[in-house]
Amino acid sequence: MSFSGMIDNLYQQWKPADEASAQTLRNLWFDSEHYIVAAADQSTDSTEHFVVAGCELAAGEPWVEERAVAIHVRLDPDKRTCHVRKAHTLTFGWAGHWLVRRGADPDALARYRPLPPDPYNWGGDGYDPKAEGLISASHYWYARPGDARTRTIEDRIRRSGDRYEILTRQMAYSEYATEEEREAHFVLLLDNHPRAAERRYVVQLETVHRLRAAYTLDEGAFRTEKQAQEWIDRIDPRRLAPLPATDPATGLPTAPRSTAPAAAPAAFQPPSTPRRFTR
């Protein structure tokens with residue numbers, strides 16, 4: 001069943017469990033055609049549904065922050081009621097984090113749905129969406145992770161629980177700054193991991209690449225919030241400054257490379273037995 005079909009079925013056939021569910025369901029029903037599902041999961045008995053989607057209504061304006069949407073539906077078949085909640089987030093990874101904390105399987109949310117053969121419904125012979133990429137770099141809902149590092153960082157985000165606190169999130173630069181080839185958003189985090197004590201302030205920069213229809217994640221950790229903010233303030237789409245490296249899997253600062261000291265020359269050892277000299 002399509003997302004629009006699922007929402008229409010809920011709206012027509014199920015009673016909202018509370019006022020918040022009623023309001024959320026109404027909003028989803030009115031705008032259901034604007035949600036493009038990127039990944040989804042459901043419980044084995046199909047009473048819980050978890051959806052990561054992009055929202056077309058969030059595109060095209062430089063000040064838009066929340067490009068991704070997390071939707072959680074819980075059904076009570078006995079009462080024929082539905083509990084519906086949604087959260088707007090900056091990225092698919094953080095939408096997945098919200099859903100995993102509500103019971104979704106992080107592995108299921110890592111399996112992104114492939115793009116349809118004609119995502120813009122242009123039709124016609126010879127249309128090749130892989131050659132065209134995205135019409136606009138702001139069309140986040142059609143982008144997918146562009147490399148293994150991005151997938152590894154996203155997987156950590158989904159599973160991170162209460163490790164991170166989001167301090168700031170917003171657009172880093174729009175496609176208008178890069179001749180419509182790419183745009184980027186950043187998230188500034190406080191890392192509560194015990195081993196991150198020396199570099200708690202983490203910047204995640206997610207860049208959408210129009211021609212590739214993909215996004216990539218870069219990440220770096222700083223000792224102070226001021227240092228992290230200074231890096232953010234200097235973001236230049238023409239040439240980004242390097243980020244203090246973190247390990248993609250752990251999110252912790254990478255260990256500095258150490259050169260093993262040269263072995264000291266062996267100390268002189270006298271012979272174990274006196275030498276005898278002969279004439």
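Hey, can you tell me all the residues within region 164-180 that are under 16 Å from the mean Cα position of the chain (by Cα) and crowded, with 17+ Cβ neighbours inside 10 Å? Tyr164, Arg169, Met171, Ala172 - these are the residues of region 164-180 that are under 16 Å from the mean Cα position of the chain (by Cα) and crowded, with 17+ Cβ neighbours inside 10 Å.
Would you mind stating whether Arg199 is basic (Lys, Arg) and not in a loop (DSSP other than H, G, I, E, B)?
Values: basic (Lys, Arg): yes; not in a loop (DSSP other than H, G, I, E, B): no.
The answer is no for Arg199.
Given the options Ala58, Ala39, name the one that is open to solvent by less than 40 Å² (accessible area, probe 1.4 Å) and either at pLDDT 95 or above or of a type in the set (Lys, Arg) (or both).
Values: Ala58 fails: either at pLDDT 95 or above or of a type in the set (Lys, Arg) (or both).
The conditions single out Ala39.
For region 83-103, indicate whether the set of residues that are of a type in the set (D, E, K, R) and open to solvent by less than 50 Å² (accessible area, probe 1.4 Å) is non-empty. Even if it seems obvious, please write down each step before you answer.
If we filter region 83-103 for residues that are of a type in the set (D, E, K, R), which is where we start, we get 85-86, 101-102.
This time we only want the ones that are open to solvent by less than 50 Å² (accessible area, probe 1.4 Å), so: none.
Scanning region 83-103, I find no residue that is of a type in the set (D, E, K, R) and open to solvent by less than 50 Å² (accessible area, probe 1.4 Å), so the answer is no.
Has region 83-102 got any residue that is basic (Lys, Arg), part of a loop (DSSP other than H, G, I, E, B), more than 14 Å from the chain's Cα centre (by Cα) and modelled with pLDDT of 95 or more? Yes: one or more hits. Checking the stated criteria, Glu48 turns out not to satisfy the condition of being at pLDDT below 95, within 19 Å of Val100 (Cα to Cα) and touching a strand residue (DSSP E or B) at 6+ places or on another chain (Cβ under 7 Å). Restricting Glu33, Glu19 to those that are out of contact with any Asp or Glu (no Cβ under 8 Å at 6 or more places or on another chain), under 30 Å from Tyr173 (Cβ atoms) and open to solvent by 50 Å² or more (accessible area, probe 1.4 Å) reduces the list to Glu33. Of all the criteria given as (1) out of contact with any His (no Cβ under 9 Å at 6 or more places or on another chain); (2) under 22 Å from Leu109 (Cα atoms); (3) part of a loop (DSSP other than H, G, I, E, B), the one not satisfied by Pro242 is (2). The residues on offer are Ala108, Ala70, and the sole one that is open to solvent by less than 30 Å² (accessible area, probe 1.4 Å), within 13 Å of the chain's Cα centre (by Cα) and modelled with pLDDT of 95 or more is Ala70.
How many residues does region 114-123 hold that are surrounded by fewer than 13 Cβ atoms within 10 Å (Cβ to Cβ) and touching a residue at least 60 places away in the same chain (Cβ under 8 Å)? Before you say what the answer is, go through the steps one by one.
In the first step, residues of region 114-123 are kept if they are surrounded by fewer than 13 Cβ atoms within 10 Å (Cβ to Cβ); the result is 114, 116-118, 121-123.
Now restrict to residues that are touching a residue at least 60 places away in the same chain (Cβ under 8 Å): none.
Summing the residues that are surrounded by fewer than 13 Cβ atoms within 10 Å (Cβ to Cβ) and touching a residue at least 60 places away in the same chain (Cβ under 8 Å) in region 114-123 gives 0.
Candidates in region 214-239 are the residues that are at pLDDT below 95 and touching a Ser or Thr at 6+ places or on another chain (Cβ under 9 Å); of these, the one that is most open to solvent (accessible area, probe 1.4 Å) is Arg238.
Per the listing Ser21, Ser32, Ser46, the residue uniquely of a type in the set (S, T, N, Q) and either within 30 Å of Ala177 (Cα to Cα) or part of a loop (DSSP other than H, G, I, E, B) (or both) is Ser46. What residue, among those in region 138-161 that are assigned to a helix (DSSP H, G or I) and hydrophobic (A, V, I, L, M, F, W, C), is nearest to Ala184 (Cα to Cα)? Step by step, filter region 138-161, then rank; the result is Trp141. For Leu211, indicate whether it is surrounded by fewer than 22 Cβ atoms within 10 Å (Cβ to Cβ), of a type in the set (A, V, I, L, M) and modelled with pLDDT of 95 or more. No, not satisfied.
Summed over region 181-208, residues that are hydrophobic (A, V, I, L, M, F, W, C) and either open to solvent by 10 Å² or more (accessible area, probe 1.4 Å) or farther than 15 Å from Thr91 by Cβ (or both) total 3.
The values are calculated or read from the model by the stated rules, or taken from the named source; none is laboratory data. Note that the structure is predicted; figures quoted are calculated from it, not measured. Note: ideal-geometry Cβ built from the backbone for every residue, glycine included; neighbour counts use all protein chains shown. Remember, those area values only see protein heavy atoms, side chains included, never the ligands or the DNA or RNA. Shrake-Rupley method; radii C 1.70, N 1.55, O 1.52, S 1.80 Å.
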